[in-house]
Amino acid sequence: MGMTDPLKGFGVTLSKMFKTVLTEEYPEVKKIPAPRFHGKHQLNRHPDGLEKCVGCELCAWACPADAIFVEGGTNTEEERYSPGERYGFDYQINYLRCIGCGLCIEACPTRALTMTNEYETADDDRRNLIYTKEDLLAPLLPGMEQPPHGMRLGEDEQDYYVNGPELARRQGVPENTTVETGDEEAVR
Amino acid sequence: MTVASASGNDTAEPRPVPEGHVRLTIDGIEVDAPQGELVIRTAERLGIVIPRFCDHPLLDPAGACRQCLVEVEVNGKPMPKPAASCTLAVSDGMVVRTQRTSRVADKAQQGVMELLLINHPLDCPICDKGGECPLQNQALKHGRADSRFVDQKRTFAKPVSISSQILLDRERCVLCQRCTRFSKQIAGDPFIELLERGALQQIGTGEEQPFQSYFSGNTIQICPVGALTSAAYRFRSRPFDLVSTPGVCEHCSSGCSQRTDWRRGKVMRRLAGEDPEVNEEWNCDKGRFAFRYATAADRFTTPMVRDSESGRLRKSSWTEALRVAAEGLLDARDSGGVGVLPGGRLTREDAYAYGKFARMALRTNDVDHRARPHSPEELDFLGAAVVGTGPERGAVTYADLEAAPTVLCVAFEPEEESPIVFLRLRKAARNGGTRVFHLGQWYSPGVEKTTDVMGAGGPVHSGELLRCLPGEEAVALSELPEEVERGLSEPGAVLVVGERGARIPGLYSAAMRAAERTGARLAWIPRRAGERGAVDAGTLPTLLPGGRPVTDPVVRADLERQWGAEEGTIPGRPGRDLDGILAAAESGELSGLLVGGVDPEDLSDPARADRALRAVDFLVSLELRPTGVTEHADVVLPVAPTVEKSGTFLNWEGRPREFEITIEGTGAVPDCRVLDTLAVEMDVDLFTQTPAAVAGEIERLGPNPGVRPQPPDVSAQAPPRPGPGRALLATWRHLLDNGSLQDEEPHLAGTARPPVARLSAETARQLGVSAPQPVVITTDGGGELTLDSEVVDMPDGVVWVPGNSGESRINRKLGLGHGAVVDIAASSAPPRGGVTDPEDAAGAEVPAGTSEREIPLTAVHERYRTNGHAGHGGPNGNGRADNDGGSRQADGGGA
């Protein structure tokens, strides 16, 4: 060990003091992940607030970690949650199991399920990490109405599926954004 | 089939073609095939799969979908175009090249697939068939990766309700006509047809034919795409999500093999299993759709004990319930005796446990499973001609029915009482030239469809209805027309008697005499799945297991030794039958009753049954759900429904139909286990802990080593001639009725036949009734029943009503049965109309929009999808309306 070695050590420290700090001030300052980051899921709504999920269970089937549980229910004229015949009556995602692979959103035939950039899915209670439909549903944006209610945008579900983007514009969703993206994406 | 060896030495003589065979080449493989075989089947036997949609081995060839095109060369000359291998019969020297070896065939198949897919929606992800879809599979295997079609796809409004149960997505249909051919050829209910032409060609229903098929569910199963779905299963689950367990249907004595698809401890759907010996590939709608009774909310989950203070049933532990039941039964046994009524829906193993429990623990022969009208004559008949028979011991089988030159059905309505027997009779009449005769009252749909059949080549008149008065069957059987008598004398002829014969004095004796006289073979076809097995298991007052007569001391002593019982445990006197047990219970002679799956509504006199159940000191009920018995029971012990237990049903042939537990781990226990534990509380060992143990014991005991009991000899009586204003009552039950095993199934109930009273034109004229004006039927005992009328061709002075449909609960309302004299008059009430009041039809409310078709289907003129969601009302959770308690409780509790 040479005489100058301790000084070398201090030198390292000193040089670092003038460089950009790598330390992240989480959770005081939140990091914004990449735009296509696989974060917490979201169950989207049509522009009038009806749910997009039809309870088909394909997400549950695509899931390699068996993290999703879906049970479909039947819409009635009096109690309608989605356009068409069926809706997701029960929807649960177990974030203790979810590996964030995104196969579920690939499988979704109605783009009801997407992923947000929300990554704070940690808790000290297992039960809190099983998200239910209430936790997953997208917030009601302006112009949306809490289901159950009738089909406001057309006469049948085909109107929703075929003319969806146009209906969304008419409902006041700005150009270049989609209803799927929810609030935190919309403000970006 | 033999595949000629490809190698081998050149000098060998060419192998001769077997008699009745031809030799052809498929994909370079030389093969001998029986003459007349279709190329597609020959290829299949070689392991070459030619894609197909319309082809089905049990249906006549149609050549509708054109998917099975192959290149064919006959006599060295190629056929000008690829030919459909499903309609092409093999011929000598034919050279067939399938898609494996021929580019022409492959291209032709791809072209057909492309055309089929032009208008097929790409909704596989949300289609029920996705994952088990022949179109999906074959498109992946034989289709093109890309479509060249760029225009708008044709769309139809969907779904169309063909019935309250069957829904049709026309845009998914590939027009293979399997459903229409099934309906026409197999079921004989031409309810769906091909309509329109060209691109608009579609499946629809006829304008005037009401859709009431008992076999409609099969069309869903054979549909090669997701065009036909059931309201009960639509969008409920995905095929790859389900666990499939083979099972046996618990409804009727046909003994259909079936497949139960379930997940998360809940049965999602049931399909017909494949069993060429029994149900081929079909089942009836009751077997397919009626399974939700087992998950009804009111099912007993814990034992119940009647609280001495409040007089109500309260939940209890097994230990407490068993102790109370054992003490009560011991007291009752020692004071007046206990009668045992197991009911006709048990497995053979469970029935055996009841029989053994009665003899060992209760030391009585007062046990009778016949929860229906019965007679001592029937008891003798069962002992002499039914017990211990089976296919391996020469009993009549389905195959025998099919091969029989003549079949005569007496007191048996095949379509209503054993639907698979009906299908077999129809097949026999259609293909095999079997003459089918029915001894009955009117030309019912079931009679019509087995006697006037549309064959492959044209209409076949294959039999007759031999009209007789209700109650006159026994007399008629001894004076059969010459033609029938001669037919029955031919070798292989079969005489079929139903369980309703018990209502007609002398019928079983007459049937045995007729069988002896003509040489015809005799078959007894009961209605319920457990009846036949219970006869063998020894739950009759005169018969011990295996048909051992209780009166034979040697047989009795032998059985006591095998059971490890003390000598003299089994009483030597025949016990009381069900009516006798109830009479004794009512009068106080019997102090206790042990009741299984019995419902008072099914008995010939429900009011008397109620009185007996109320009067008896101690009543134990082994039940699944609340019934008229549990209302009065002191202890209710919950038992497992069929899907939660294993066991064996004997079907009408006597063929054991074994099944394993479908849904495990529910904690539900079968009757035999409950009885075993109860017996232990009473200090008796039955050794019936599990169905497997019981089956082993039955096997060890074997059949009756002694002599068979004597056949009955009761003389036939001519029925009384009713005077003016009176009529003879004729009745049997519809397949879909108020039975409690059909609970929770509103969509199925919507396809039940509406209850109407049928009478002849002359009778209607005398009464001054013009159909559908209702008639009111009254009895001397104060019974009254009002039903819409319908005029049919039947003997004068007779009125036919369904046994347990809607309002028409004749046991309860009239207290009389087949052959009785009733008063009949025109009613001033307005007719209910052609559409059945769903509440009446089934004791269940059909959700709005499913009780009638949304679209008048002849005029499906909004062919292109117009606005307006033609949605079906959809299963609305529990659509059951609260009916007046009684309706739910008909036909066996299901235990």
- Which shape class, rounded, prolate or oblate, goes with region B:701-843 when its Cα gyration tensor gives a ≥ b ≥ c as root eigenvalues, a/c under 1.5 marks rounded, and past that a/b bigger than b/c marks prolate? oblate
- Item | Given A:Lys40/A:Lys133; B:Lys129/B:Lys266; A:Lys52/B:Lys141, the pairs whose alpha carbons are separated by over 22 Å | A:Lys52/B:Lys141
- Work out, step by step, the length gained on full extension between B:Glu589 and B:Arg517: first 0.36 nm times the residue separation, then minus their alpha carbon distance; give nm to one decimal. 21.6 nm
- Message: Taking the Cα centre as origin and putting +1 on Lys and Arg beta-carbons and -1 on Asp and Glu beta-carbons, what dipole magnitude results for region B:290-441, to the nearest 20 debye?
- Response: 440
- With the contact rule set at Cα under 8 Å and sequence spacing of 6 or more, what percent relative contact order holds for region B:749-799? 49
- Note on the structure: The answer for chain B, counting only DSSP H helices whose Cα atoms cover 20 angstrom or more along the axis and whose Kyte-Doolittle average is -0.5 or greater, is B:103-118, B:318-335
- Nitroxide proxy distance, nm - points 7 Å out along Cα→Cβ at B:Arg765 and B:Ala692: 6.9
- Item | Whole-number percent relative contact order across region B:484-578, with pairs defined as alpha carbons under 8 Å at least 6 apart | 20
- Item | For B:Tyr443, solvent-accessible area (1.4 Å; no DNA, RNA or ligand), Å² | 80
- Magnitude of the Cβ-charge dipole of chain B, K/R +1 and D/E -1, about the Cα centre, nearest 20 debye? 2600
- Task: Could you size up the charge dipole of region B:741-840 around its Cα centre, putting +1 on the beta carbon of Lys and Arg and -1 on that of Asp and Glu, and report it in debye to the nearest 20?
- Result: 180
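Which order do B:Asp788, B:Asp634 take when ranked by solvent-accessible area (1.4 Å probe, heavy atoms of all protein chains), largest first?
B:Asp634, B:Asp788
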- Query: Quick one: of the DSSP bridges fully inside chain B, what percent are antiparallel, nearest 5?
  - Reply: 60
- Task: Please report, in whole Å, how far the alpha carbons of region B:552-665 spread along each principal axis, starting with the longest.
- Result: 42, 37, 29
- Accessible area of the protein assembly as shown divided out per residue, in Å², using a probe of 1.4 angstrom: 41
- Give or take rounding to whole Å, what are the principal axis extents of the alpha carbon atoms in region B:428-535, in descending order? 42, 33, 28
- Counted charge near B:Gly580, where neighbours are those whose Cβ lies closer than 9 Å (Asp, Glu -1; Lys, Arg +1): -3
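Accessible area of chain B with a 1.4 Å probe: how many percent of it is carbon plus sulfur?
Result for chain B: 50 percent of the exposed heavy-atom area is carbon or sulfur.
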- Item | B:Thr690 - accessible surface, heavy atoms, 1.4 Å probe, Å² rounded to 10 | 60
- Once Lys and Arg get +1 and Asp and Glu get -1 on their Cβ, which of A:Cys53, B:Gly647, B:Leu787 lies farthest toward the positive end of the dipole of the protein assembly as shown? A:Cys53
- Hydrodynamic radius of region A:51-188 per Kirkwood, over alpha carbon pairs, in Å: 16.0
- Query: Quick one: helix A:5-16 against the long Cα principal axis of chain A, what's the angle to the nearest 10°, folded into 0 to 90?
  - Reply: 40
- Note on the structure: Here, A:Ala65 and B:Glu392, labelled 7 Å along Cα→Cβ, have an inter-label distance in nm of 5.5
- If the cut-off is a Cα-Cα distance under 14 Å, which aspartates and glutamates reach B:Lys81, setting aside same-chain residues fewer than 8 apart in sequence? B:Glu71, B:Glu73, B:Asp106
- A versus B: buried accessible surface, summed, Å² (probe 1.4 Å, to nearest 100): 1700
- Per residue and in Å³, how big is the convex hull formed by the alpha-carbon atoms of region B:638-744? 247
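Name the shape class, rounded, prolate or oblate, that the alpha-carbon gyration tensor gives for region B:646-699, where a ≥ b ≥ c are the square roots of its eigenvalues, rounded holds for a/c under 1.5, and otherwise prolate holds if a/b is larger than b/c and oblate otherwise.
On the way: a/c = 2.70, a/b = 1.40, b/c = 1.93.
In terms of gyration-tensor shape, oblate.
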- B:Lys449: which lysines have alpha carbons under 22 Å from its alpha carbon, excluding same-chain residues fewer than 8 sequence positions away? B:Lys184, B:Lys286, B:Lys427
- Message: Straight-line reach only, C-alpha to C-alpha below 16 angstrom: list the aspartates and glutamates that A:Lys31 could link to, leaving out same-chain residues fewer than 8 apart.
- Response: A:Glu118, A:Glu120, A:Glu184, A:Glu185
- Note on the structure: So for region B:162-241, using the alpha carbon gyration tensor with a ≥ b ≥ c as root eigenvalues (a/c under 1.5 gives rounded; past that, a/b versus b/c decides prolate or oblate), I'd call it oblate
- Of all alpha-carbon pairs in the protein assembly as shown, indicate the percentage at a distance above 59 angstrom. 21
- Item | Per-residue [θ]222 nm for chain B (sum of -39500 (n - 2.57) over DSSP H runs n ≥ 4, rounded to 500) | -6500 deg cm²/dmol
- Positive end of the charge dipole of region B:48-105 (Lys, Arg +1 and Asp, Glu -1 on Cβ, about the Cα centre): tell me which of B:Val49, B:Thr101, B:Leu59 has its Cα farthest that way. B:Thr101
- Taking accessible area as the heavy-atom solvent-accessible surface of the protein chains with a 1.4 Å probe, which residues of region A:133-162 lose no less than 40 Å² upon going from the isolated chain to the full protein assembly? A:Glu155, A:Asp156
- Item | region A:1-73 versus region B:374-411: alpha-carbon centroid distance in Å | 74
- Message: If you wrap a convex hull around the alpha carbons of region A:1-84, what volume per residue comes out, as a whole number of Å³?
- Response: 211
- Task: Please grab the % of Cα pairs in chain B that end up more than 36 Å from each other.
- Result: 52
- Task: Take every Cα pair under 8 Å in chain A that's 6+ residues apart, average their separations, divide by the length, and report that relative contact order as a whole percent.
- Result: 27
- Fraction of beta bridges assigned by DSSP in chain A that are antiparallel (%, nearest 5): 95
- Choose one of B:Ala511, B:Trp442, B:Ala325: the residue whose Cα lies farthest towards the positive end of the charge dipole of chain B (beta-carbon charges +1 Lys, Arg; -1 Asp, Glu; about the Cα centre). B:Trp442
- What figure in square angstrom, to the nearest 10, would you give for the accessible area of A:Lys8 with a 1.4 Å probe? 130
- A:Asp124 and B:Ser91 label points (each 7 Å along its Cα→Cβ direction) are spaced in nm at 8.7
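The values are calculated or read from the model by the stated rules, or taken from the named source; none is laboratory data. Here the structure is a predicted model, which is why all the values come from computation and not from measurement. Using ideal geometry, Cβ is built from the backbone for each residue, glycine included, and neighbour counts are taken over all protein chains shown. Heavy atoms of the whole protein, side chains included, go into the accessibility calculation; ligands, DNA and RNA do not. Shrake-Rupley method; radii C 1.70, N 1.55, O 1.52, S 1.80 Å.
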